[in-house]
1. Within 10 Å of each candidate Cβ there may be at most 12 other Cβ atoms; applying that plus a DSSP loop requirement, which trypsin sites (Lys or Arg not before Pro) in the range 7-73 survive?
2. For Lys32, go through the lysines and keep the ones whose alpha-carbon is under 16 Å away, minus same-chain ones fewer than eight residues off.
3. Under the definition of Cα pairs under 8 Å and six or more residues apart, what whole-number percent is the relative contact order of the chain?
4. Before I look further, what does the chain give for accessible area per residue, probe 1.4 Å, in whole square angstrom?
5. Which value at 222 nm does the chain reach when only helices count, each DSSP H run of 4 or more adding -39,500 (n - 2.57), with the total divided by all residues and rounded to the nearest 500 deg cm²/dmol?
6. Where the accessible area of the chain is counted over protein heavy atoms with a 1.4 Å probe, how much of it, in %, is carbon and sulfur?
Amino acid sequence: MANQELLMIDELMNAIKHNKIKSGEKLPSENKLAEKYNVPRMTARSALIKLEERGYIYSVQGKGRYVKEKLVQIQLP
């Protein structure tokens, strides 16, 4: 995995964890991320796929990728 891809994943994960990108919010497109990080679009796609695999985001076909709602743990007595 390239350094730029790792940087992109880390920055997006931190933005999600610290509510800079909120639950349900749409993420920038692959093209916009590729432009921002100066990487090929396939690198941006790969980073987004890894975030999806880790459970941070989900995709809606034809609409884009969105931040998942935070899971609330239920206390069992």
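1. Of the trypsin sites (Lys or Arg not before Pro), the ones in loops of the range 7-73 whose Cβ has at most 12 other Cβ atoms within 10 Å are Lys20, Lys22, Arg54, Lys63, Lys70.
2. Lys63
3. Taking the mean separation of contacting Cα pairs over the length of the chain, I get 35 percent.
4. Solvent-accessible surface per residue comes out at 74 Å².
5. Calculated mean residue ellipticity at 222 nm is -14500 deg cm²/dmol.
6. 51 percent
The values are calculated or read from the model by the stated rules, or taken from the named source; none is laboratory data. Owing to the predicted nature of the structure, the values given are computational and were not obtained by experimental measurement. As a convention, Cβ positions derive from the backbone with ideal geometry for all residues, glycine included, and neighbour counts pool all protein chains shown. We work out accessible area using only protein heavy atoms, side chains counted, and drop any ligands, DNA or RNA first. Shrake-Rupley method; radii C 1.70, N 1.55, O 1.52, S 1.80 Å.
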